[in-house]
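**Q** Here it is, the structure in full.
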């Protein structure tokens, strides 16, 4: 970390911590080996002068930012090529560079080549036949061609059957003719599609022999490999500026009678024979796998966002002094205000719990994914339901948490040099992509209502919903003693009752004469509430199990800190849903007050270790990219340095004074 | 409104509405006269081609945006000059052009001259002597000088006594010597300070005859009136890019031995005599008035933000079709999904309630302000407490509401062409400026705890907190019958109990040996929760009283709609704080379910009039500036048009392809 003198308030925090941050840093990285690998990658990428910026990108126009991003993306691509040649391009490297913190340190508004690596190549691997993989993969790996993945349309997102783009097979030429028959059929959003990719996997409704066959993926060449000019029939461009992900070059694509050879349809799962005969896929659930994979990865991303935001807010809270607590004393570090602690510390705890849950569900995904490969689909619905609601909850909570951290830094959090606006833009996007959050919760709820009916019939449910069996058998929750275990149990009881109500409300609507689907729509808000509690009960359970397990394997000093984190997380989570707790469990006003006092107490106990805990997330200053959150804590100096880079400040008098302001001021003299 | 063909789904909504939107538009504008005036101003400003943009400003760099903003600000200034010459520059005109919707239509990221009109001129009027007003005001009104207001510093915000900038009076030359003695003393944030203003009111700690005298305002010339070069001793510039308010030219200012004449201190309230004798102000509460004035105005601004966001989301929800409810039917308007209604409709209701409350509190402010002028300060603490918590609640809820509306539009809400990102940036800023929200809530809570003690002593409280008297006398809330009136009463009962708990917790800490201030800090989260409920109880009460009153004076058709709005607002507000209700009032699980079913029912009843209700906010398409929210509802066409303006799309192949991508792709061939 930098050699500059550390702000004394921050140094004091580090001197008085009760545990060794390196111990947690290694855990956070996943072990000693991963920790070292992380440091090696950071050195390789972050110390390369070609990947450093003199001018903060917030000063660039959209067009300049694109050119800047493409330049850096190509440098990263060249480095990946070299790592690959040396056999050092593991999955972790791609994760770090394309989805992870290291990638964000280099291209914080996103990489226009990312979708090439994370969607185009994997789609060919997953959906192409062996022959197709031979034909396309090496070119794609070597970046002789650059691809993207085009599915969502201007008028159609979540509901895939609604997609309008169509591919008609012409047996006479053995080609597909692909069209976007209307404006709302235009492909919209794919990263890199605007001006970067020259190929795409285009998802279209397949017709052969005049019959509709369902969706299929086609490799389409978009631009000439030499001149990069759009191919005939291709209408293509960048969709424009956005809240975040500003460097991704999201694009639109219209296709007018674009012909591609028969072999450009990816045919691992379904086939079209030369005469147009259609061979349907054996198993339509396979695509669930990819979606679950992505959602599990997103949970870890949300943990990372919160880790960044809470690191910045915690360090700033140690350095900033404001508003005396005792009027006879100087202004304290704002971290000494209980209200400030309540804003920031729960976000630290959530980062840790989301990370732990993300790791856990990742392992679960790998197990179940193995079972699926063996043809055993038993746990697929359970896993699908869980990944949907966790994606929704973690992204929503992380988004809110990032904003809470920003607002906790007052006006300074509003400046781009804090990096909060960018972190926010990247985090809130997760609420919408890869399955919009409300749709996700409804998917989970559909599963919950189904298994609730099974529980009523006396069926024994699978592990992650077995608490519904318990609640069906035991109508009243007894012995809420405030222990962490009873908070977890209470969460499950509450979740089961939210599902009960959703189930009952749907039944009621059906009895009133509505069909099941209409009844479910009328009960939409009951359903999303049930799914929300299901996810939160799972998070509480996982936090409890995993953090306890963890604390048994670390030094006593770190174990003590982890226990405070766990208690803070659970008490805060409980108070955030206290209405549901009071609704289903007999708790008095005094019980609630006790929980509130306990929350205050957790904050007080975490206070001495807060800075060291975020230090141990081990986020490089380049990853944080924040004047408020740098390791050395020289907040005001960093803010001021950032103004010196502002192009407006390069001239003492801006040309607009002479052009507009002076004539206006002198007009009536 | 535009002559283009209206989207048929939107037209259908308008055809089936049960009330006449113009009736509500007139009410919303404040009456027939104000409605006509609004239309006249819109014509004058929005039809001026010089104030229209070919290129959306999101494509500009920070520097380009500044130059663009200053150009338009000067055109607006010239028009104001003309209106003023014609005697047509009423307060409403300034409000509309500088703080309101019309100003946002022309300079949606803010106006670098705004602080000249809304802070510099009023400060001279409010704090200058008659002689000083004669000297400075005409120059300021004529814009011969452009000023700003410099108070906040890089290291100091809310706590004014912590400001470091100092002014030492030098009797030998009859000048003040002004200095920012450290980096953290630099003035930070004033709008227009960067490169626009050539004067500022600088707030500094005053020293005369070597003694500290408190804060005082000084007029300081920052830049040469002819060359605009910074004056000697002045270090000045733009603070850089931000989440929003991107066109405001917020600046920083360092002063090194800057000398200003004795008469540049604004001396209406306090004086320094030529020999350095200090004459203290008679009344230190006068500054409360301005702060209350601004906060009351902000409540109306938050209503306007929500009105914009909910208009965009409602129209989009009528046009967008997605995800069949019944699998055998086509995709419905997303507004038919109950979950979508729950996102958008409460924001419509909140716009109306915040507007109504804002108008009400504005009238209250005027009454109390008159009393203060007469020397009667009785109601000042009550009004201060109310304006603080309402500013905090309305800004926080509006911010959350804008984001809910944005997220309800899926990915398209993420694009700048939706205008949500800008509305968000402008709205969330209100949470921080003019008193950070947590600090605001703590101010209110301090008052509540004080009056709670008075109520315990049997004292009769003033009207806005008299519900605390009731609650102290009646420990149990009886007869919650679900009527709107009982929801309002219950809100007050709950608020009183939250204050009780805050009071009790502070007392407990004091008994444990903490001083009052430390005890209050430890109980910070209890205090903010009490203030939050106090404000919400006031909002509930006002909504109930004012909307009922309103509905008696309008057509039966409109009255019916307003009643649904009121019920939706109250039931939703109650469910959002259901934990507090269950904590203090005996409600069963079934009672809560009934409230939830009732909420669903309110949504269903508002559904047929939702589009017409937002139409009647009468927001000009230029004010909305949204491809998703235009009056004609041609969403996809407008989105697509916006991509055609994207500078990246002006060339089919970007230069970065030849420069970076092609060499990268061909490197290994």
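Readers should treat all values here as calculations from the given coordinates under stated rules, not as data from a laboratory. Treat the numbers as computed from the prediction; the structure is a model and nothing was measured. Here the Cβ positions follow ideal geometry from the backbone for every residue, glycine too, while neighbour counts run over all protein chains shown.
**Q** What is the mean number of Cβ atoms from other protein chains located within 10 Å of the Cβ atom of each residue in peptide A:62-73, rounded to a whole number?
**A** Mean shielding by partner chains, rounded to a whole number: 5.
**Q** Hey, fewest Cβ within 10 Å first, where do A:365, B:252 land in order?
**A** Starting with the residue having the fewest Cβ neighbours, the order is A:365, B:252.
**Q** I'd like the distance between the alpha-carbon centres of the range A:527-547 and the range B:290-312, rounded to an integer number of Å.
**A** Their Cα centres are 37 Å away from one another.
**Q** Distance from the Cα centre of the range B:391-438 to that of the range A:350-422, in angstrom?
**A** Comparing the Cα centres of the range B:391-438 and the range A:350-422, I get a distance of 23 Å.
**Q** So for chain A, what percent of the C-alpha to C-alpha distances run longer than 51 Å?
**A** Summing the P(r) tail past 51 Å for chain A gives 16 percent.
**Q** Sort the range A:515-669 into rounded, prolate or oblate with this rule: let a ≥ b ≥ c be the square roots of the eigenvalues of the Cα gyration tensor; rounded if a/c is under 1.5, and if a/c is not under 1.5, prolate when a/b is larger than b/c, oblate otherwise.
**A** Because a/c hits 1.5 or more and a/b fails to exceed b/c, the range A:515-669 counts as oblate.
**Q** In nm to one decimal, list the spacings between the residue B:225 label point and its equivalents in the other copies, with label points set 7 Å along Cα to Cβ, shortest first.
**A** 7.1
**Q** With the contact rule set at Cα under 8 Å and sequence spacing of 6 or more, what percent relative contact order holds for chain B?
**A** In percent, rounded to a whole number, it is 16.
**Q** Separate question: Give or take rounding to whole Å, what are the principal axis extents of the alpha carbon atoms in the range A:118-282, in descending order?
**A** Here the spans come out as 45, 35, 30 Å, largest first.
**Q** Do you know the relative contact order of the range A:452-530, to the nearest whole percent, from alpha carbon pairs under 8 angstrom that are 6+ apart?
**A** Details: 56 pairs, mean separation 20.1, N = 79.
Relative contact order for the range A:452-530 comes out at 25 percent.
**Q** Now a separate question. Volume per residue, Å³, of the convex hull around the alpha-carbon atoms of the protein assembly as shown? If you can, show how the numbers build up before the last one.
**A** On the way: hull volume 240.6 nm³, N = 1338.
Considering the Cα atoms of the protein assembly as shown, their hull volume per residue is 180 Å³.
**Q** Something else about it: How would A:267, B:291 line up from fewest to most surrounding beta-carbon atoms within 10 angstrom?
**A** Ascending Cβ contact count within 10 Å gives the list B:291, A:267.
**Q** What is the mean number of Cβ atoms from other protein chains located within 10 Å of the Cβ atom of each residue in peptide A:99-105, rounded to a whole number?
**A** 0
**Q** For the range A:22-111, what is the largest minus smallest coordinate of the Cα atoms on each principal axis, given in angstrom and ordered from greatest to least?
**A** 42, 31, 20
**Q** Can you divide the C-alpha Rg of the range B:289-615 by 2.2 N^0.38 Å and report the result to two decimal places?
**A** For the range B:289-615, the normalised Cα radius of gyration is 1.04.
**Q** With r defined as the distance between the Cβ atoms of residue A:64 and residue B:457 and R0 fixed at 56 Å, what FRET efficiency is calculated, to the nearest 0.05?
**A** The calculated FRET efficiency here is 0.25.
**Q** Hey, another quick one. What FRET efficiency comes out for the pair residue B:593/residue A:548, r = Cβ-Cβ distance, R0 = 30 Å, nearest 0.05?
**A** 0.25
**Q** Which FRET efficiency, nearest 0.05, do residue A:43 and residue A:20 yield, Cβ-Cβ r, R0 22 Å?
**A** Once the sixth-power term is evaluated, E becomes 0.45.
**Q** For the range A:79-135 and the range A:203-223, what is the separation of their C-alpha centers, rounded to whole Å?
**A** 26
**Q** With a/c under 1.5 counting as rounded, go ahead and sort the range A:64-194 into rounded, prolate or oblate using the C-alpha gyration tensor (a ≥ b ≥ c being the square roots of the eigenvalues; past the cut-off, prolate if a/b is larger than b/c, else oblate).
**A** Oblate is the answer for the range A:64-194, as a/c is 1.5 or above yet b/c matches or exceeds a/b.
**Q** Got the relative contact order for the range A:352-450 handy, in percent, Cα pairs under 8 Å and 6 or more residues apart? List each step's numbers first, then the result.
**A** Values: 62 pairs, mean separation 32.3, N = 99.
Reported relative contact order: 33 percent.
**Q** Can I ask one more? Separation between the residue B:474 and residue B:52 pseudo-spin-labels, each 7 Å from Cα along Cα→Cβ, expressed in nm?
**A** About 6.0 nm, to one decimal.
**Q** Taking a cut-off of 16 Å, what percent of all Cα-Cα pairs in the range B:340-394 are separated by more than that?
**A** 52
**Q** I need the inter-copy label distances for residue B:211: point set 7 Å along Cα to C-beta, values in nm with one decimal, smallest first.
**A** 10.1
**Q** Sticking with this one: Taking the inverse of the average 1/r across all pairs of different Cα atoms in the range B:518-561, what Kirkwood radius in Å do you get?
**A** Working: mean 1/r = 0.0784 Å⁻¹.
When all Cα pairs of the range B:518-561 are included, the Kirkwood radius is 12.8 Å.
**Q** Related question: Residues of B:404-417, mean number of Cβ from any other protein chain within 10 Å of their own Cβ, rounded to a whole number?
**A** Values: counts 0, 0, 4, 8, 2, 1, 9, 12, 7, 2, 12, 8, 6, 4.
Other-chain Cβ atoms within 10 Å of each residue's Cβ, averaged: 5.
**Q** Relative to the other copies, what are the label-point distances for residue A:480, with labels 7 Å from Cα along the C-beta vector, expressed in nm at one decimal and sorted shortest first?
**A** Spelled out, the distances from residue A:480's label point are 1.5 nm.
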